[in-house]
1. Could you identify the single residue in VAL284, VAL316 that is within 21 Å of VAL122 (Cα to Cα) and touching a strand residue (DSSP E or B) at 6+ places or on another chain (Cβ under 8 Å)?
2. Could you figure out which of (1) modelled with pLDDT of 95 or more; (2) of a type outside the set (Phe, Trp, Tyr); (3) in contact with a Lys or Arg (Cβ under 9 Å, 6 or more places away or on another chain) isn't true of LEU102?
3. When ASP171 is evaluated against the numbered criteria (1) in contact (Cβ under 8 Å) with a residue 60 or more places away in the chain; (2) loosely packed, with under 15 Cβ neighbours inside 10 Å; (3) outside any loop (DSSP other than H, G, I, E, B), which criterion, by number, is the only one it fails?
4. Does LEU314 fit the bill of being on the phi < 0 side of the Ramachandran plot, surrounded by fewer than 17 Cβ atoms within 10 Å (Cβ to Cβ) and at pLDDT 95 or above?
5. Taking the range 317-350 as the region of interest, how many residues are touching a Ser or Thr at 6+ places or on another chain (Cβ under 7 Å), surrounded by fewer than 16 Cβ atoms within 10 Å (Cβ to Cβ) and at negative phi?
6. So which residues in the range 146-167 are acidic (Asp, Glu) and either under 18 Å from PHE104 (Cβ atoms) or surrounded by 18 or more Cβ atoms within 10 Å (Cβ to Cβ) (or both)?
7. Sort through TYR78, TYR97 and tell me the only one that's in contact (Cβ under 8 Å) with a residue 60 or more places away in the chain and over 18 Å from the mean Cα position of the chain (by Cα).
8. Within the range 78-102, how many residues turn out to be part of a strand (DSSP E or B), of a type in the set (Asp, Glu) and either within 27 Å of TRP203 (Cβ to Cβ) or touching a helix residue (DSSP H, G or I) at 6+ places or on another chain (Cβ under 7 Å) (or both)?
Amino acid sequence: MKRILLAMLVTGIANTGINDASATPELQGQYTLLASERWFENSAVPTEQQSYPAVAAEAEVFLFYDNSEWVFQPLIQYQPEDGSNWHGDLRQFLWRYYGETLTFNIGFQQFFWGSLETANPVNELNQWDMRTGLEKYDRLGMPAVTVSQLTDEGELTFIALPGFREREFLDPPSRPNYPFSVEGDSQYESSKESKRLDLALRWYGLVGESDVGLAAFSGIRRSPLVKQENGRYFPFYPLTHYIAADVSYASGNWLWKTEAMLGYEQKDDYQVLAAGAEYTLTGVFSSRWDLGLIAENYYDSRDAYTPGWWQNDLAVGMRLSANNTASSELKLLLAYDWKYHTQQAKLEFTTRLTEKLQLNVLGYGTEATPQDTGLLLLDDDNHLKITVKYYLPI
């Protein structure tokens, strides 16, 4: 990984144009300070702990000049009640070059694919950051080289991922956590282990009135299987190869979404299909409020080997938007597993208190069964998280 960073720095510095008198660098971005508190319904074992405060700082810094830019997005977090206290990551640290139709990126990057509300099966390039949260945007930066070509039909992007990042499993008293410790050395299906070069291809564009993404990936699966040997649990990273599609289509008050995958993993084919819709009622109760009604269904033929916990689930919910200057929004989602009969509830609320101050509330409630291995992470860890964010422009 050090070689990757060195190559990125050498390439970027050689092309910055900082020493060129005609170059005029421009700095933009913002800093974010965060303070949060998590309250768990049940005490942790063996510490009997229920309260987990944390503070964090993030930055999004962009340095523009000529046809290129540097992007710097670090994160640092301190949790006094966590087992390891300090946590940091480079969400993004890259150099980007813009041509007339070509874009080149090298460095730590984040990718987001998908359109569904509850979960995104096709969003698999970045490793999940368990220390920062359970949300789909809580992902580690991945070292990558990308080349994108813009055409009249859309944008085609080639992605090379030369440095794999393992998932960091938490130890007690950190939460949420598995009911056992994952402490053994990681094992890989690939003989090159974490040094394997992963490759991806992504096309995104407009087809008729639909936003369409098509992708292919060959590499190490980001979500490991947790295996047991001689009484110890360890992560096993299989290889996965798949093609995927995500489509969204808006018509009137309706928004239709789908994500699908066909893949090969552990000497077996697999299929993933997730689809849903959201219908928005505007001006409910004769007010400026909008009410969105959400329904989504998820199927993954890998069953217990599914990344995450969306094997065969129905999710329904609602989104209430105030359409005010504070951008206040309340979202409630309820999920039910057709096979294991597990249930999950998720509550989100966000609003701006002032121009620079934002309040976020996030709650999870889970009723799992021993057969649903994907939800073991959240079993007995119902919690409410309140976060205050303060934004500072650069």
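The values are calculated or read from the model by the stated rules, or taken from the named source; none is laboratory data. Only a predicted model underlies this, so the values are computations on that prediction, with no experimental measurement involved. Please note: Cβ atoms are built from the backbone with ideal geometry, for glycine as well, and neighbour counts cover all protein chains shown.
1. Numbers: VAL284 fails: within 21 Å of VAL122 (Cα to Cα).
Criteria check complete, one pass: VAL316.
2. Just one mismatch for LEU102, condition (3).
3. (3)
4. On the way: on the phi < 0 side of the Ramachandran plot: yes; surrounded by fewer than 17 Cβ atoms within 10 Å (Cβ to Cβ): yes; at pLDDT 95 or above: yes.
When the stated conditions are applied, LEU314 passes them.
5. 2
6. From the range 146-167, those acidic (Asp, Glu) are 152-153, 155, 166; that's our starting set.
Scanning the range 146-167 gives a single hit, GLU155.
7. Details: TYR78 fails: in contact (Cβ under 8 Å) with a residue 60 or more places away in the chain.
Exactly one of TYR78, TYR97 is in contact (Cβ under 8 Å) with a residue 60 or more places away in the chain and over 18 Å from the mean Cα position of the chain (by Cα), namely TYR97.
8. So in the range 78-102, the residues part of a strand (DSSP E or B) come out as 78, 86-98, 102.
Subsequent filtering for residues that are of a type in the set (Asp, Glu) retains 89.
Still in the list and also either within 27 Å of TRP203 (Cβ to Cβ) or touching a helix residue (DSSP H, G or I) at 6+ places or on another chain (Cβ under 7 Å) (or both): none.
Qualifying residue count for the region: 0.
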